[in-house]
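The values are calculated or read from the model by the stated rules, or taken from the named source; none is laboratory data. In this text the structure is predicted, and so the values were computed from the model without any measurement. Here the Cβ positions follow ideal geometry from the backbone for every residue, glycine too, while neighbour counts run over all protein chains shown.
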Amino acid sequence: MAFIDIVLEPPRYGWQDENGNLIKPTKRQMWSEFFYRQNIFRTKKNWMNFMGWFAVVCLTPFFIIFFVKYFSWQLCIAGFLYSMVLMGSHGTIWYHRYGTHRAYTFKNKFWRFITRNLVVKVIPEEMYIVSHHVHHAKSDQPGDPYNANCGFLYCFLADTNHQSVAKNLSKEDYLKMTTFIDHTGVKANTYEQYQKWGTIAHPARTIAETLLNWAFWYGAFYLIGGNALACALFGWSVVWAVGVRTFNFEGHGKGKDKRQEGVDFCWDDMSINQYWPGYVAGEWHNNHHLFPDSARAGFLPHQVDLAWCYVYLINALGGIKSFNNSKKVFYERYYLPYINEKKAEGKPKSVKEVA
């Protein structure tokens with residue numbers, strides 16, 4: 001069995017049957033697994049699962065207070081943009097391109113720290129990064145922690161049901177797993193601590209870092225615009241925290257083949273390029289699956305990539321040591337051959353082809 005097959009804790013309903021076929025659990029099974037893994041009284045090893053949704057619970061009062069006490073359309077727009085654009089782009093910048101794929105490297109720890117804490121923090125690195133390696137290795141196949149073929153709920157509850165790291169790895173395998181996140185600044189548990197807590201990260205450090213992050217940003221927002229702005233931006237943060245759990249279901253065609261010729265060029269899985277996540281977060285998902293280690297995923301002129309804009313800016317400021325940009329390779333291997341093929345067939349060009 002390959003190492004990537006054992007790094008996640010399988011759900012009780014399993015990934016596949018004895019014949020290798022994908023197991024599609026019922027809604028009842030998925031909710032049962034969710035509460036089973038949220039129960040910190042059953043085992044302390046559930047702490048990270050609990051923390052992920054507890055953060056949503058803690059942010060929700062800010063959302064309510066904003067609408068009840070401080071609502072204005074200006075603040076509503078500010079919160080919307082903060083949630084969708086800034087937090088969305090940060091998810092791509094930090095968790096996705098740097099954390100998982102190491103598409104770029106920082107010159108020093110200062111720039112890494114700034115980027116890591118660029119917005120209100122709601123997701124522990126470990127929860128996202130380890131499972132995302134599995135997602136790319138098994139995309140749309142049994143073992144994919146957010147397999148769209150199993151439906152919306154399967155993806156929505158994936159952070160609890162499917163993304164936890166395995167709890168009983170050998171010392172050798174545990175140390176190997178820590179290399180997935182050792183570049184992010186997360187201090188890994190010793191093997192003995194891992195056996196106690198069931199995670200790479202220690203709960204005390206993770207909670208302390210999150211609280212310090214929240215305290216800093218609430219204070220910064222308060223100094224800029226008082227409690228009204230702070231509640232608006234913290235409140236809208238919960239929208240992203242919940243919404244991000246829906247992305248992979250949408251980004252893989254809701255379990256259907258929605259790929260389009262001339263728009264999507266990766267045909268190894270069901271990932272698709274979508275305008276909304278592309279424009280607000282730089283998440284041109286099919287392009288990303290084609291070149292996962294590229295710091296840029298918006299290759300065509302109309303594919304605005306705000307995450308790449310950040311990397312480009314920090315590089316200009318001297319904070320980036322190296323980065324991968326696969327735009328040229330994309331054009332040479334995929335886009336220009338496609339355009340030339342259509343020209344040879346005598347077919348009219350689409351708007352995208354002209355671009």
Quiz item: Looking only at residues in region 117-156 that are of a type in the set (D, E, K, R) and in a helix (DSSP H, G or I), which one is nearest to TRP214 (Cα to Cα)?
Solution: GLU125
Practice problem: Residue by residue through region 5-26, note down the ones that are without any contact (Cβ under 8 Å) to a residue 40 or more places away in the chain and either of a type in the set (Asp, Glu) or outside any loop (DSSP other than H, G, I, E, B) (or both). | Solution: ASP17, GLU18
Quiz item: Name the residues in region 135-168 that are surrounded by fewer than 20 Cβ atoms within 10 Å (Cβ to Cβ), at negative phi and not charged (D, E, K, R), would you?
Solution: HIS136, ALA137, GLN141, PRO142, ASN149, PHE152, LEU153, PHE156, ALA166, ASN168
Quiz item: When you go through (1) surrounded by 15 or more Cβ atoms within 10 Å (Cβ to Cβ); (2) at pLDDT 95 or above; (3) under 30 Å from LYS45 (Cα atoms); (4) of a type outside the set (D, E, K, R) one by one for LEU233, which number turns out not to apply?
Solution: (3)
Quiz item: If you scan region 18-41, which residues turn out to be closer than 24 Å to THR210 by Cα and either of a type in the set (Lys, Arg) or surrounded by 14 or more Cβ atoms within 10 Å (Cβ to Cβ) (or both)?
Solution: PHE34, ARG37, GLN38, ILE40
Exercise. Kindly provide the set of residues from region 226-261 that are among the aliphatic types (A, V, I, L, M) and closer than 30 Å to LEU290 by Cβ, ordered by number.
Key: VAL239, ALA241, VAL242, VAL244
Practice problem: Scan the helices (runs of 4 or more DSSP H) fully inside region 157-210 and keep the ones with 1 or more residues being closer than 26 Å to ASN248 by Cβ. | Solution: 158-161, 171-178
Quiz item: Residues in region 322-342: is at least one aliphatic (A, V, I, L, M), closer than 30 Å to PHE80 by Cα and in contact with a Lys or Arg (Cβ under 9 Å, 6 or more places away or on another chain)?
Solution: no
Practice problem: Quickly run through region 243-286 and pick out the residues that are farther than 28 Å from LYS24 by Cα and assigned to a helix (DSSP H, G or I). | Solution: TYR275, TRP276, GLY278, TYR279, VAL280, ALA281
Quiz item: Out of TRP15, TRP53, which single residue is under 22 Å from the mean Cα position of the chain (by Cα), surrounded by 15 or more Cβ atoms within 10 Å (Cβ to Cβ) and more than 26 Å from LYS196 (Cβ to Cβ)?
Solution: TRP15
Practice problem: Take the residues in region 199-251 that are touching a Ser or Thr at 6+ places or on another chain (Cβ under 7 Å) and hydrophobic (A, V, I, L, M, F, W, C), then tell me which one is nearest to ILE181 (Cα to Cα). | Solution: ILE200
Exercise. Quick one: count up the residues across region 170-183 that are surrounded by fewer than 19 Cβ atoms within 10 Å (Cβ to Cβ) and either in contact (Cβ under 8 Å) with a residue 40 or more places away in the chain or in contact with a helix residue (DSSP H, G or I) (Cβ under 8 Å, 6 or more places away or on another chain) (or both).
Key: 5
Self-check item: PHE110 being under 30 Å from TYR82 (Cα atoms) and under 20 Å from the mean Cα position of the chain (by Cα)
Solution: no
Quiz item: When you go through LEU75, LEU81 one by one, which is the residue that is part of a helix (DSSP H, G or I), under 18 Å from TYR222 (Cα atoms) and either more than 20 Å from the chain's Cα centre (by Cα) or at pLDDT below 95 (or both)?
Solution: LEU75
Quiz item: Taking ASN315, is it at pLDDT 95 or above, out of contact with any helix residue (DSSP H, G or I) (no Cβ under 8 Å at 6 or more places or on another chain) and within 17 Å of TYR335 (Cα to Cα)?
Solution: no
Quiz item: Just one of TYR338, TYR334, TYR310 is among the hydroxyl-bearing types (Ser, Thr, Tyr), under 25 Å from the mean Cα position of the chain (by Cα) and either crowded, with 19+ Cβ neighbours inside 10 Å or more than 24 Å from HIS132 (Cα to Cα) (or both); which is it?
Solution: TYR310
Quiz prompt | Residue in region 184-206 that is surrounded by the most Cβ atoms within 10 Å (Cβ to Cβ), counting only those that are free of Cβ contacts under 8 Å to residues at least 40 places away in the same chain and farther than 21 Å from PHE50 by Cβ | solution = TYR191
Quiz item: Has region 27-38 got at least one residue that is touching a helix residue (DSSP H, G or I) at 6+ places or on another chain (Cβ under 8 Å), farther than 24 Å from GLU126 by Cα, outside any strand (DSSP E or B) and touching a residue at least 40 places away in the same chain (Cβ under 8 Å)?
Solution: yes
